[in-house]
Amino acid sequence: MTEPAARDGEPGEPMHGSGRRAGRGARPDRRTGPPVSGSGGQRHPVLTGYDGSNASRHALAYAAGMARRLDRWLVVVHVWQPNGVAFVPLTDRMRWLRTELADADLTGLDIEMIVRPGDPARQLRKITKERNADAIVIGASERFLHRFTGSVPTWLARHARCPAVVVP
């Protein structure tokens, strides 16, 4: 059974024009989602995991730049592990993610936001496969012991179905 994903827009479709466009140098709205009939190839997104940490903010900035350079849309994923103590509805988590992304430079990008419960590493891998992503960009663990004993970036580097970029 698959967990429900709270998304902006229709299920399985990226939001077009949802990135902020402002000021000089703003690029016109481009559709970077699934191909329009008659187009040659299919475009695959760049995916990034976001948890609000400094490392995930750096990963978001890097992923946004990568998506611009590759002319792809950006999928921002927030995964949390339910602990049974406090229940926070998906809508509240989506609102939190939107607030967090408001300060990011996402100019000229089409954005898809996904919020899911579960194991972060496995959910990120699953979503990467579902979206057929070109790359997954994640922040390096800020915990000292994770550098030696394992972490989400370490697990994804070994198990992801696409290139995994770990940003310090």
Handout entry: Lone unmet requirement of (1) part of a loop (DSSP other than H, G, I, E, B); (2) of a type outside the set (S, T, N, Q); (3) closer than 21 Å to Pro153 by Cβ for Pro82
Key = (3)
Problem - Of all residues in the stretch 141-160 being more than 15 Å from the chain's Cα centre (by Cα) and part of a loop (DSSP other than H, G, I, E, B), the one that is modelled with the lowest pLDDT - result: Leu145
Exercise for the section: All but one of (1) among the β-branched types (Val, Ile, Thr); (2) at pLDDT 90 or above; (3) not in a loop (DSSP other than H, G, I, E, B) hold for Thr107, so report the exception by its number. Expected result: (3)
Problem - Subset of the stretch 99-122 (residues that are over 16 Å from Ala67 (Cα atoms), under 13 Å from the mean Cα position of the chain (by Cα) and touching a residue at least 60 places away in the same chain (Cβ under 8 Å)) - result: Ile114, Val115, Arg116, Pro120
Practice task
Looking only at the stretch 110-121, count how many residues are in a loop (DSSP other than H, G, I, E, B) and among the aliphatic types (A, V, I, L, M).
Solution key: 0
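The values are calculated or read from the model by the stated rules, or taken from the named source; none is laboratory data. Owing to the predicted nature of the structure, the values given are computational and were not obtained by experimental measurement. Please note: Cβ atoms are built from the backbone with ideal geometry, for glycine as well, and neighbour counts cover all protein chains shown.
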